[in-house]
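Before any comments, here is the structure.
A short reminder: the numbers here are calculations on the coordinates, not readings from a lab. Quick caveat, the model's predicted, so the values are computed rather than measured. Cβ atoms come from the backbone with ideal geometry, glycine included; neighbour counts cover every protein chain shown.
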Amino acid sequence: MAARADANRFRTGIAAMAAGCWFVSLSPVIVAGSDLHGVSMAFWRCWIGLAGVGTVALIRKSVTWAHIRQTAPAALCFGSSIGLFFWASQLTSIANASLIVVLQPIALMIGARYMFGESITASDVFWTAVALSGAAILVLAGNSGGTGDIRGDLLAGLSIVLGSGYFILGKRVLETVPVATFMTGVFMWAGLLLAIAVAISGQPVMPSTDGDWIRIVAIGLFPGTGHVLLNIAQNKAPLSLMGIGMLIVPVNATLLAYWFLDQSVTALQLVGMAMVITALTIQTLLRRKLRARMDEQPVLDR
């Protein structure tokens, strides 16, 4: 029974991760053509998300100030990561910023090994390297703009460290705090942080067109749902697999941009997509087999 429960838990985590990544990948398509700055969009995403999950948490009476305090470190990492990435994207080239963010699975793999004791095998390292190579090809083969300022590269690097910190700290908190309660705290703290960032930057927070209001609602609803699903996955799927799973986001975003924004996709980008999808599929199957072997092993032998 325990082995079956663990297998179901693993499958649920993978399904939540896949669905969450798909929803998150809608972000570039939604914000394309918006007059609002990215930091302002992130601000709205947090506060709309807070209204949604906060209502659920209040109805369930699962929100306590102690829980909200627990979420603060992860939330500040989340809000800082978003703000720094948008800032970096304005200073450096989009390709540079995207390529640096693609390296996040390395940080998550290190965290999984040394903070959660996850077993990292040679196949994990190999297929992660294949997926990273595919994602790098996908990013570099696309069109990009920007100045390539080294300050932007450094900010993008700090952004992935903080983003990894969010997943690592969040996984620890989610062991004892319900998802809706956790997300309530995350959106509240991150929303406050982004409100300060908007005020300092002087960027307008109110949209000037009906189209931007629609985008604001969509960015809160769809990527926000993806964010919640990823947090469900965090407590069920291995953190190292979460890292490589996130690489599906640029794949989905590129395909969605092709279908809805008429952006071109090169043959080299298709190669990169195939590498990411193949590596993720094989790594998921290998992880599933490893978990099955561990479940079959007698407790005294572990």
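Once the C-beta distance of I277 and A66 is scaled by a Förster radius of 41 Å, the resulting FRET efficiency is 0.45 to the nearest 0.05. Mean projected area of the Cα convex hull of the range 170-250, taken over all directions, amounts to 6.8 nm². Length gained on full extension, R113 to L286, computed as 0.36 nm times the residue gap minus the Cα-Cα distance: 60.6 nm.
Taking 0.36 nm per residue of sequence separation and removing the Cα-Cα distance, the A15/D35 pair yields an extension gain of 3.8 nm. On the beta carbon distance between N8 and S133, with R0 = 45 Å, the FRET formula returns roughly 0.85. Directionally averaged projected area (the range 104-216, Cα convex hull): 10.7 nm².
This ranking places I82, I30 by how few other beta-carbon atoms lie within 10 Å of each, fewest first, which gives I30, I82. For the pair A122 and T266, a Förster radius of 25 Å applied to the C-beta separation gives a FRET efficiency near 0.20, rounded to the nearest 0.05.
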